[in-house]
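K.L.:
Structure below; questions to follow.
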Amino acid sequence: MEAALGLMRRMPPKRMETALSALLSLLPDHSSDLLSQVDQPLQVMVDMETGKEFILCEYNRDADSYRSPLSNTYHPPLEDGAYPSAELRKLEIEANEVFAVYRDQYYEGGISSVYMWEDEHEGFIACFLIKKDGSKSGHGRRGYLQEGAWDAIHVIQVGPEEEGTAHYCLTSTVMLSLTTNNESSGTFNLTGSIRRQMNMQFPLSEGHLCNMGRMIEEMEGKLRNSLDQVYFGKTKEMVCILRPPSELVQMKLPSS
């Protein structure tokens, strides 16, 4: 199981679905652990009641159906599906509205969904999802990418209230893939994923939603910086070594 998880952490996002399917066939006894611990590229479905898209993941799946945060119904319909309590559903609706504003401000479009459910320790768990298709035919507004996807998964475990405060454990995963194909740069493909965790204790004076939003905003800033340094920085370094700019080559040529 440990080797399987290590393999999935190193797998490009585009191949994760195929690799996970192969592991599930090899390790059927660990299928529940694999599905719960391995983050896959996010998929999208249309809510038939509202006509709007919502994001699919393991956190809103029950059997072969997925619960929409828009209408609180399962697609396809499911008679005995799990639902959040009335109080938590109210917070879920508010979180979806606020997170949609956050998505438009930071991502300039895309799709977002928020799901919440009770846990076994008198607290609750919230899952914040963002999917951005940055390709020319998708949500990309600048038209630089032939293909491009950004999938962000933020899962926050909220502990029970203790003396006016609550403990928050945030686990965030970002999966990035992009492909360019034009005359100036040629064909270039870059894929990768990164996962980080953060623990905080906040007073409840401003409410759970404000506390969780603050953590997600800080974490996404750290993840973007890490991706910029690890993937783009190292890629640029290798390209410059293998194909140095013409100005640098001319400087190194001996003068006649």
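The values are calculated or read from the model by the stated rules, or taken from the named source; none is laboratory data. Since the model is a prediction, treat every value here as computed from it, not as a measurement. Don't worry about glycine lacking a Cβ; one is built from the backbone with ideal geometry, like all the others, and counts go over all protein chains shown. Accessible surface areas use protein heavy atoms only, side chains included; no ligands, DNA or RNA. Shrake-Rupley method; radii C 1.70, N 1.55, O 1.52, S 1.80 Å.
K.L.:
Find which of VAL239, MET175, TYR106 sits farthest along the positive direction of the dipole of the chain, computed with +1 on the beta-carbon of Lys and Arg, -1 on that of Asp and Glu, about the Cα centre.
P.N.:
VAL239
K.L.:
Evaluate the distance, in nm, between pseudo-label points positioned 7 Å from the Cα of PHE188 and of MET1 along their respective Cα→Cβ axes.
P.N.:
Here the answer is 4.2 nm between the modelled labels.
K.L.:
Still on this model: Determine the share of the chain's accessible area contributed by carbon and sulfur atoms, expressed in whole percent, with a 1.4 angstrom probe. Could you put the intermediate results ahead of the total?
P.N.:
Working: 7920 of 15260 Å².
Heavy-atom surface of the chain belonging to carbon and sulfur, 1.4 Å probe: 52 percent.
K.L.:
Pairs of alpha-carbon atoms within less than 8 angstrom and 6+ residues apart define the contacts here; what relative contact order does the range 1-149 have, in percent?
P.N.:
Relative CO of the range 1-149 lands at 13 percent.
K.L.:
Rounded to the nearest 10 degrees, what's the angle between the helix 208-227 long axis and the longest principal axis of the chain, both from Cα atoms, 0 to 90?
P.N.:
Once rounded, the angle reads 20 degrees.
K.L.:
Right, another one. Could you tell me which of LEU204, VAL230, LEU56 has its Cα farthest along the dipole of the chain towards the positive end, charges placed at Cβ (Lys, Arg +1; Asp, Glu -1), taken about the Cα centre?
P.N.:
VAL230
K.L.:
While we're on this one: Going by the alpha-carbon gyration tensor, a ≥ b ≥ c the square roots of its eigenvalues, is the range 13-165 rounded (a/c under 1.5) or, if a/c is not under 1.5, prolate (a/b greater than b/c) versus oblate? Intermediate values should be presented prior to the final figure.
P.N.:
On the way: a/c = 1.57, a/b = 1.14, b/c = 1.37.
The shape class here is oblate.
K.L.:
Measuring with a 1.4 Å probe in the full set of protein chains, what accessible area per residue, in whole Å², belongs to the range 21-87?
P.N.:
On the way: 3970 Å² over 67 residues.
Ligands and nucleic acids excluded, the figure is 59 Å² per residue.
K.L.:
Would you mind checking which residues have amide H under 5 Å from PHE202's amide H? H placed 1.01 Å from N; only 5 or more apart, or other chain.
P.N.:
ALA166, TYR168
K.L.:
Something else now. Among the GluC sites (Glu not before Pro) in the range 3-111, which ones are in a DSSP loop with at most 12 other Cβ atoms within 10 Å of the Cβ? Mind listing them? Before the final figure, lay out the partial values.
P.N.:
Details: sites: GLU17, GLU49, GLU53, GLU58, GLU79, GLU87, GLU92, GLU94, GLU97, GLU108; in loops: GLU49, GLU79, GLU108.
Within the range 3-111, the qualifying GluC sites (Glu not before Pro) (loop, at most 12 other Cβ atoms within 10 Å) are GLU49, GLU79.
K.L.:
Given the protein chains as shown and a 1.4 Å probe, how many square angstrom of LEU23 are accessible, to the nearest 10?
P.N.:
20
K.L.:
Any idea what the dipole of the range 26-128 comes to, in debye rounded to 20, about its Cα centre with Lys/Arg Cβ at +1 and Asp/Glu Cβ at -1?
P.N.:
Working: 6 positive and 21 negative charges, 75 e Å.
With only Lys, Arg, Asp and Glu charged at Cβ, the dipole is about 360 debye.
K.L.:
In whole angstrom, and with the biggest value first, how far do the Cα coordinates of the range 121-237 range along each principal axis?
P.N.:
Computed over the range 121-237, the largest-to-smallest principal extents equal 62, 30, 22 Å.
K.L.:
Taking the Cβ of MET200 as the centre, find all other residues whose Cβ is under 12 Å away and add up their charges (Lys, Arg: +1; Asp, Glu: -1).
P.N.:
Details: positive: ARG214; negative: GLU218.
Around MET200, the surrounding residues sum to 0.
K.L.:
For the range 186-195, just list the computed ³J(HN,Hα) in residue order, Karplus coefficients 6.51, -1.76 and 1.60, θ = phi - 60°, integers in Hz, with x standing in for Gly and Pro.
P.N.:
Coupling constants for the range 186-195: x, 9, 9, 10, 9, 9, x, 9, 8, 9 Hz.
K.L.:
Additional query: THR191: accessible area at probe 1.4 Å, nearest 10 Å²?
P.N.:
40
K.L.:
Okay, next question. Using a simple spin-label model with points 7 Å from Cα along the Cα→Cβ vector, what separation in nm is obtained for TYR106 and MET238?
P.N.:
For TYR106 paired with MET238, the spin-label model returns 2.8 nm.
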